[in-house]
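Structure record follows, encoded as C-alpha cells.
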Amino acid sequence: MPTLQVQKAYSFYKTYILEYSRNKAEIYEQYGFSLQGSVGSKDWEVFASILVNDRARRGDGADLVNYEVKSATLGSSFEYQYHRNRGLNKLTDDRDVDHIFIARSETYMNVEVWLIERTKMLSTFDRWLPELIQNYEAVDRQRFRRSVTYGFVRNQGIQLLKITDGELNYFLEVT
C-alpha cells in the first residue's frame, strides 16, 4: 500500500482542478458548453502521482512508474485504449503495475480515488490479450478499446480518497 500524500494531492485538486474549472464555468455556460471534459487526463495523472508519491513514466507504457491512472465520470466505465503499434507493449505494462481509478462528477466537485492491485487485474488483461492480437490482424484497425466498469472498481478496489462538494471527505490512513 502506498504512503499517501493526501494534503498535497488535495491542494493540487483545489487549485488546478476545482478552481480552474470554476473559473471557466461562467464562460462555458454563457456559450452553451458543459464543464465535462474541461480538465484533462494529464491533470488527473499529476493528482494521482502526488497522492501516491510516484513519478511519470517515460515512453508509451503505464502513466506512472508504478501505476496506470484512469479517470471517468462517477458511475461510468474506465476506458483502456491500445494503439496498433504499441498496444501489445502497453498491455504488458498495464499487467505490471497497480491501477488508480478516479471517478468524478461532471462539475469536479465530487471525486473518488480507488486503487486496484495488479494481481486483481491480471484475469482482465489475460482475457483482452487474444482479443487485442485478433483486432490487429484486421487490416484497418488502429485501436483496441476495452473498459473496466465502475462496479468492478468498487468491488475489487480499495478507496484511497473521497472528495464531496469540493471538500476532503475521506482518505485511507496508511500506517
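The values are calculated or read from the model by the stated rules, or taken from the named source; none is laboratory data. Because the structure is a prediction, the values reported are computed rather than measured. We place every Cβ from the backbone using ideal geometry, glycine too, and count neighbours over all the protein chains shown. Only protein heavy atoms, including side chains, enter the accessible area calculation; ligands, DNA and RNA are left aside. Shrake-Rupley method; radii C 1.70, N 1.55, O 1.52, S 1.80 Å.
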Discussion item. Pairs needed: first member in the stretch 144-155, of a type in the set (A, V, I, L, M, F, W, C); second member anywhere, assigned to a strand (DSSP E or B) and modelled with pLDDT under 95; C-beta distance under 7 Å; at least 6 residues apart or different chains.
Written reply: 144/82
Fill in: Residue list for the stretch 33-47, restricted to those being open to solvent by 60 Å² or more (accessible area, probe 1.4 Å) and either part of a loop (DSSP other than H, G, I, E, B) or in contact with a Cys (Cβ under 7 Å, 6 or more places away or on another chain) (or both)
33, 34, 36
Discussion item. Quick check on the stretch 63-81. Is at least one of its residues closer than 18 Å to residue 118 by Cβ, of a type outside the set (Lys, Arg) and modelled with pLDDT under 85?
Written reply: no
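For the structure I just gave you, tell me whether residue 119 is open to solvent by 10 Å² or more (accessible area, probe 1.4 Å) and either in a strand (DSSP E or B) or at pLDDT 95 or above (or both). Give the steps one after another, and end with the answer.
Working: open to solvent by 10 Å² or more (accessible area, probe 1.4 Å): yes; either in a strand (DSSP E or B) or at pLDDT 95 or above (or both): yes.
Yes.
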Worksheet item: When residues of the stretch 48-72 are filtered for being in contact (Cβ under 8 Å) with a residue 12 or more places away in the chain, more than 10 Å from the chain's Cα centre (by Cα) and either under 22 Å from residue 111 (Cα atoms) or open to solvent by less than 40 Å² (accessible area, probe 1.4 Å) (or both), how many remain?
Response: 10
Fill in: Close pairs from the stretch 116-138: first within 20 Å of residue 69 (Cα to Cα), partner open to solvent by 50 Å² or more (accessible area, probe 1.4 Å), Cβ under 6 Å, at least 6 apart
116/156; 120/156; 125/95; 128/146
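Any idea how many residues of the stretch 2-32 are on the phi < 0 side of the Ramachandran plot and loosely packed, with under 11 Cβ neighbours inside 10 Å?
Quick first cut of the stretch 2-32, residues on the phi < 0 side of the Ramachandran plot only: 2-31.
With loosely packed, with under 11 Cβ neighbours inside 10 Å added as a condition, the list becomes 3, 15, 23, 26-27, 30-31.
Matching residues across the stretch 2-32 total 7.
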Worksheet item: Exactly one of (1) open to solvent by less than 70 Å² (accessible area, probe 1.4 Å); (2) in contact (Cβ under 8 Å) with a residue 60 or more places away in the chain is unmet by residue 106. Its number?
Response: (1)
Worksheet item: Out of all the residues in the stretch 122-136, is one or more open to solvent by less than 50 Å² (accessible area, probe 1.4 Å) and outside any helix (DSSP H, G or I)?
Response: no
Item to complete: Give the residues of the stretch 137-165 that are surrounded by 17 or more Cβ atoms within 10 Å (Cβ to Cβ) and not in a strand (DSSP E or B), sorted by residue number.
Response: 150, 152, 153, 156, 157
